[in-house]
Amino acid sequence: MRFLIVLLFPIILSVSVAGAASVPTDEAGQVREAEQLVRLSLTDRIMTNVQDNYTNQLGAVLTAQKVPAEDAEKLIDEEMQALVDQEHQRLLDSLVPIYRRYYTADEIHQLLSFYQTEVARKSIQVSGKIAAEGQQFVRLWNETFEQALLDRIKARLSEAGITIE
């Protein structure tokens with residue numbers, strides 16, 4: 001039995017490795033992977049936030065100008081959709097070279113593999129909420145840290161006969 005397991009293990013391992021996608025070696029494949037990574041890690045979220053933001057802002061402006069809410073929503077949605085794909089691509093075209101400057105093709109491949117997992121999708125989904133909830137604490141913590149640091153520096157300077165306010 002042990003012999004059979006030892007014999008089968010390399011076969012199973014080679015099948016699982018063969019099934020994993022490899023890092024593209026051609027320029028087009030590398031650009032494609034970098035674009036996928038930028039979409040998953042950043043621009044899909046940016047585009048969603050921008051669409052939500054402008055939909056809300058413009059909706060308020062138009063309804064304040066007496067445009068019926070339903071008409072305003074339809075108008076904004078139609079005009080937004082006319083721009084979204086083109087503008088998303090423009091954003092990608094600007095950001096992909098930056099990612100490629102800082103990450104190798106292998107690193108992009110590894111990051112892309114991660115961003116395609118459930119835990120990465122959840123991380124993207126909750127990271128803004130975590131940042132928002134933690135922002136107040138971090139601000140207060142920073143003020144406390146700053147004061148403690150200044151108190152220590154003043155004490156050291158005082159020991160040297162230097163007084164600062």
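Worth pointing out:
- Extension gain, GLU165 back to GLU143 (0.36 nm per residue minus Cα-Cα distance, nm): 6.2 nm
- Cα centroid separation, region 127-161 to region 31-109: 36 Å.
- Charge dipole of region 11-165 about the Cα centre (unit charges at C-beta), most positive-ward option of LEU111, ILE162, ALA64: ILE162
- Helical mean residue ellipticity (222 nm; -39500 (n - 2.57) per DSSP H run of 4+; nearest 500) of the chain: -29500 deg cm²/dmol
- Length-normalised contact order for the chain - Cα pairs under 8 Å, 6+ apart - percent: 29 percent
- Cα gyration tensor, region 106-161 - rounded (a/c under 1.5), prolate or oblate: oblate
- Gain on full stretching of the segment that runs from ALA69 to ASP151 - 0.36 nm per residue minus C-alpha separation: 23.9 nm
- Cα-only Debye scattering, the chain: base-10 log of I(q)/I(0) at q = 0.09, 0.12, 0.20 Å⁻¹: -0.64, -0.85, -1.24
- Carbon and sulfur %, accessible surface of region 62-165 computed with the full protein complex present, 1.4 Å: 55 percent
- Förster radius 22 Å - calculated FRET efficiency between LYS122 and VAL84, Cβ distance, rounded to 0.05: 0.35
- Cα-based shape type of region 19-82, given that a ≥ b ≥ c are square roots of the gyration tensor eigenvalues and the cut on a/c is 1.5: prolate
The values are calculated or read from the model by the stated rules, or taken from the named source; none is laboratory data. The structure displayed is predicted, hence computed values, not measured ones. Neighbour counts are summed over all protein chains in view; Cβ atoms, including those assigned to glycine, are modelled from backbone coordinates with ideal geometry. For the accessible areas, the whole protein counts, side chains as well, though only heavy atoms, and no ligand, DNA or RNA atoms are used. Shrake-Rupley method; radii C 1.70, N 1.55, O 1.52, S 1.80 Å.
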